[in-house]
Amino acid sequence: MPLRGWDAIEWKPLLGSMRSVSWRYVSGQGVDSLAQSCSSSATAIGICDDLDDALPLTEITGPKRLKRFGDQILRFYFEQWLVDEGLFLDLRMARFGAEDNELWYKPNGLWIKLRPEFRDGILALYRSFYSTDAAAFDEALRQMGMLRPGLSKAAASELKELLHAHFGIDQRAQRFSIDTFKSSFDDLFEFFVANEYKLHSDFVWVGFYLITLYLTLEQLGQAHNVRKICSEVLL
């Protein structure tokens with residue numbers, strides 16, 4: 001989060017959600033229940049209690065195998081948006097392990113249940129962006145409170161350009177870079193601050209979720225057809 005970016009966040013909901021997530025992380029509260037819900041939706045990976053018999057992803061070699069596992073993690077990222085009960089936020093490398101061609105995920109207490117209207121807005125945003133439906137994209141932004149009443153046409157156009165850059169230009173062969181993500185995230189929050197937005201804490205957690213995804217896919221080092229994977233999961 002850019003330092004000035006905190007000025008665009010509603011603090012009271014953020015502090016409350018941070019307390020809840022911190023307690024879950026320490027206590028493991030709700031992990032088993034959410035894991036069961038995710039297991040029923042996840043087709044890309046298996047969810048497990050431990051990775052003792054799995055090979056760490058840091059020891060995987062070969063571009064084809066690395067790409068396949070990266071595709072599976074990306075698919076799991078999108079699949080979690082379909083789970084009503086919440087989503088696991090920590091997609092860092094250490095949470096995954098491989099057994100032959102099977103990919104396993106060991107969740108921890110870093111999970112959150114987003115507001116239903118916000119999660120629905122994210123789903124609408126992804127579906128409209130990757131189906132290139134401009135009208136639906138605008139409606140999704142309004143649903144999330146990002147295209148606000150009274151926002152000038154110039155500011156609305158700037159916001160959409162920033163979001164397009166944030167989603168990535170080369171969606172059929174996208175290489176993930178945390179530095180690129182950070183740069184576009186900085187630009188987005190500069191826009192929010194300049195236009196006096198007050199965003200709900202859900203935005204912060206989605207940013208955290210994306211950061212852990214980017215860190216892992218950058219380490220795997222392969223190009224991924226994000227449009228195809230998102231379309232198969234969400235459209």
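Observations
- Count of the range 39-62 residues which are open to solvent by 90 Å² or more (accessible area, probe 1.4 Å) and in a helix (DSSP H, G or I): 3
- For LEU163, the criteria (1) part of a helix (DSSP H, G or I); (2) without any contact (Cβ under 8 Å) to a residue 24 or more places away in the chain hold in every case but one, which is (2).
- Exclusive hit being closer than 28 Å to VAL21 by Cα and not in a helix (DSSP H, G or I), set GLY145, GLY150, GLY121: GLY145
- Qualifying positions in the range 7-41 - aliphatic (A, V, I, L, M) and touching a strand residue (DSSP E or B) at 6+ places or on another chain (Cβ under 8 Å): ALA8, ILE9, VAL21, VAL31, LEU34, ALA35
- Looking only at the range 22-38, residues that are open to solvent by less than 60 Å² (accessible area, probe 1.4 Å), in a helix (DSSP H, G or I) and either over 9 Å from LEU110 (Cα atoms) or at pLDDT below 95 (or both) come to 5 in all.
- Within the range 145-198, tally of residues that are over 16 Å from the mean Cα position of the chain (by Cα), of a type in the set (A, V, I, L, M, F, W, C) and either open to solvent by less than 40 Å² (accessible area, probe 1.4 Å) or under 30 Å from LYS67 (Cβ atoms) (or both): 13
- Looking only at the range 40-64, residues that are out of contact with any Phe, Trp or Tyr (no Cβ under 7 Å at 6 or more places or on another chain) and either in contact (Cβ under 8 Å) with a residue 12 or more places away in the chain or among the small types (Gly, Ala, Ser) (or both) come to 11 in all.
- Residues of the range 176-202 that are hydrophobic (A, V, I, L, M, F, W, C) and part of a helix (DSSP H, G or I): ILE178, PHE181, PHE185, LEU188, PHE189, PHE191, PHE192, VAL193, ALA194.
- Cβ-Cβ under 6 Å pairs, at least 6 apart or on other chains, the range 100-129 side in contact (Cβ under 8 Å) with a residue 12 or more places away in the chain, far side among the β-branched types (Val, Ile, Thr) and not in a helix (DSSP H, G or I): LEU103/ILE45; TYR105/ILE45; TYR105/ILE47
- Matching option when the condition is of a type in the set (Gly, Ala, Ser) and open to solvent by less than 10 Å² (accessible area, probe 1.4 Å), among GLY207, GLY221: GLY207
- Subset tally (residues that are surrounded by fewer than 19 Cβ atoms within 10 Å (Cβ to Cβ), outside any loop (DSSP other than H, G, I, E, B) and in contact with a helix residue (DSSP H, G or I) (Cβ under 8 Å, 6 or more places away or on another chain)) for the range 84-106: 1
- Any hit, the range 47-69, residues being of a type outside the set (S, T, N, Q), within 30 Å of MET146 (Cβ to Cβ) and touching a helix residue (DSSP H, G or I) at 6+ places or on another chain (Cβ under 9 Å): no
The values are calculated or read from the model by the stated rules, or taken from the named source; none is laboratory data. Remember, it's a predicted structure, so these values are computed and weren't measured experimentally. We place every Cβ from the backbone using ideal geometry, glycine too, and count neighbours over all the protein chains shown. Surface accessibility is based on the protein's heavy atoms, side chains included, excluding ligands, DNA and RNA. Shrake-Rupley method; radii C 1.70, N 1.55, O 1.52, S 1.80 Å.
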